[in-house]
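Values in this text are rule-based calculations from the coordinates and carry no lab data. Just so it is clear, the model here is predicted, and its values are computed rather than measured. In this analysis, Cβ positions are derived from the backbone assuming ideal geometry, glycine residues included, and neighbour counts consider all displayed protein chains.
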Amino acid sequence: MIVFPCAKLNLGLNVVSRRPDGYHDLETVFYPIPLHDALEICEMDDAFPSALDCDIKVTGIDIQSNDEDNLVTKAYRLLAADYQLPRLHVHLHKGIPSQAGLGGGSSDAAYMITLLNAQYQLGIDMEKMEHYAARLGADCAFFIRSHPAYAQGIGDRLEPLPDGIPSLKGYYLALVKPDIAVSTKEAYGNIHPCQPEWCCREVVSQPIETWSGRLSNDFEDPIFDIYPEIGFIKQCLYDMGAVYAQMSGSGSSVFGIFKGDPTDVTEAFKHHFTTVMRL
């Protein structure tokens, strides 16, 4: 059985407070986009000599180590602790860049949960699957439904947006990911939490032309100071005609929203990962 985990954007990301446990409370809007990995499972023959109940092969872009610390195998072990599961071979083909603020690893883990639930008829409802996913990562729970949502807490308190974000329909999204990896620790290192002037949930309900100056990502300024190239990409997208541009999550990918098809993106950023899609 095969599924296709999607990527997400953060439409606005505000770090509003530091928690006693050392984490930070956020507010953001998660928005799924049609950029995918591929995740396939097949049962392991009883005679196959594997020390692992779930082994994984990773192919595609930004290949990480094929080991039991992958979030996909962690998702398997999480469910295997409560349900009877067979030994599995897993093939994960990466189409979503890693360390890009696009949630690829979290999406893979969440889709593994939904895949196992469907394939082996475990009978786990959506809320319980979200609970399992949240144990694997702050934004994992979002990918159980992969529907636009306003998120608070550490990204785990989700309020679905039933109508999605209608203003984006028909627009083009250009995504640029430079060869820069931004760690979560590095991203939070220079953050100063504060309440935003505008709530991102309210801003994204308005026309896109009103987003600039009201919708923001608190990670941008400290990350741009360390990696000016990421800030340069954002400005270039505006210079190319983007109605709105922003870094996603803690970076390093930057997206631009265009009214028409921005055909020169690949040429302008020929040394980076780029993709253009219609929303």
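Can you pull the percent of Cα pairs in the stretch 1-142 with separation above 25 Å?
Working: 2889 of 10011 pairs.
Roughly 29 percent, rounded to a whole number.
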| remark: Other residues with Cβ under 15 Å from the Cβ of Ala268 give, with Lys and Arg +1 and Asp and Glu -1, a net charge of -2
| What angle, in degrees between 0 and 90 and rounded to the nearest 10, separates the Cα long axis of helix 228-239 from the longest principal axis of the Cα atoms of the chain? | 60 degrees
| Top mean-square fluctuation among Met112, Met129, Met247, Gaussian network model of the chain, C-alpha springs under 10 Å? | Met129
| remark: Residue by residue through the stretch 18-28, the couplings from Karplus 6.51 cos²θ - 1.76 cosθ + 1.60 with θ = phi - 60°, in Hz, x for Gly and Pro, are 9, 8, x, 7, x, 7, 10, 8, 10, 9, 7
| 0 to 90° range, to nearest 10: angle between helix 104-119 axis and the chain longest Cα axis | 40 degrees
| 5 Å-binned pair-distance histogram of the stretch 133-278 (Cα, whole percent) | 2, 9, 16, 20, 22, 19, 10, 2, 0
| query | Can you list, bin by bin at 5 Å, the percent of alpha carbon pairs in the stretch 75-162, starting at 0? | reply | 3, 14, 25, 24, 18, 11, 4, 0
| For the stretch 210-226, list residues with backbone N below 19 Å from a point placed 7 Å from the Cα of Ile165 toward its Cβ? | 210-221
| query | Please report, for the Cα atoms of the stretch 134-211, the Rg to one decimal and the Dmax as a whole number; what are they, in angstrom? | reply | 15.0, 37
| request: Name the most mobile residue of Phe258, Phe232, Phe224, meaning the one with the largest mean-square fluctuation, in a Gaussian network model of the chain with Cα contacts below 10 Å. | output: Phe232
| remark: For the chain, percent of DSSP beta bridges that are antiparallel (nearest 5) comes out at 80 percent
| field | Amide H contacts under 5 Å for Gly249, placed H, 5+ residues apart | value | Asn10
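What order, most packed first, do the peptides 138-144, 74-80, 270-276 have when packing is the mean number of other Cβ atoms within 10 Å of each residue? Could you put the intermediate results ahead of the total?
Details: 138-144: 25.6, 74-80: 19.6, 270-276: 15.0.
The most tightly packed comes first, giving 138-144, 74-80, 270-276.
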| GNM flexibility winner over the chain from Ala187, Ala47, Ala245 (Cα, springs under 10 Å) | Ala47
| query | How much length is gained if the chain between Asp221 and Asn190 is pulled fully straight, taking 0.36 nm per residue apart and subtracting their Cα-Cα distance, in nm to one decimal? | reply | 10.2 nm
| Can you flag which of Lys8/Lys57; Lys57/Lys169; Lys74/Lys128; Lys57/Lys234; Lys185/Lys270; Lys74/Lys185 are past 26 Å Cα-Cα? | Lys57/Lys169; Lys57/Lys234; Lys185/Lys270
| said: For the stretch 1-155, give me the percentage of DSSP beta bridges that are antiparallel, rounded to the nearest 5 percent. | reply: 75 percent
| task | Any chance you could check the Cα centroid distance between the stretch 209-271 and the stretch 46-102 for me, in angstrom? | result | 32 Å
| remark: The Kirkwood hydrodynamic radius of the chain, taken as the inverse of the mean 1/r over all distinct Cα pairs, in Å, comes to 19.5 Å
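Which whole-number percentage describes the relative contact order of the chain, with Cα contacts under 8 Å and a sequence gap of 6 or more?
On the way: 575 pairs, mean separation 62.4, N = 279.
Value for the chain: 22 percent.
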| field | Estimated distance in nm for a label pair at Arg214 and His131, the labels positioned 7 Å out from Cα along Cα-to-Cβ | value | 3.8 nm
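What is the extension gain from Ile63 to Gln84, computed as 0.36 nm multiplied by their sequence separation minus the C-alpha to C-alpha distance, in nm to one decimal?
Details: separation 21, 0.36 × 21 = 7.56 nm, distance 3.00 nm.
Here the segment from Ile63 to Gln84 would lengthen by 4.6 nm.
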| query | According to a simple spin-label model (label point 7 Å from Cα along Cα-to-Cβ), what is the distance in nm between His91 and Glu40? | reply | 0.3 nm
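Rounded to the nearest 500 deg cm²/dmol, what is the calculated helix-only ellipticity per residue at 222 nm for the chain, with -39500 (n - 2.57) per DSSP H run of length n ≥ 4? Don't skip to the end; give the middle numbers.
Values: 9 runs with 71 residues, N = 279.
Result for the chain: -7000 deg cm²/dmol, rounded to the nearest 500.
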| said: Can you list residues from other chains, or at least 5 along the same chain, whose modelled amide H is less than 5 Å from the amide H of Cys54? | reply: Leu88
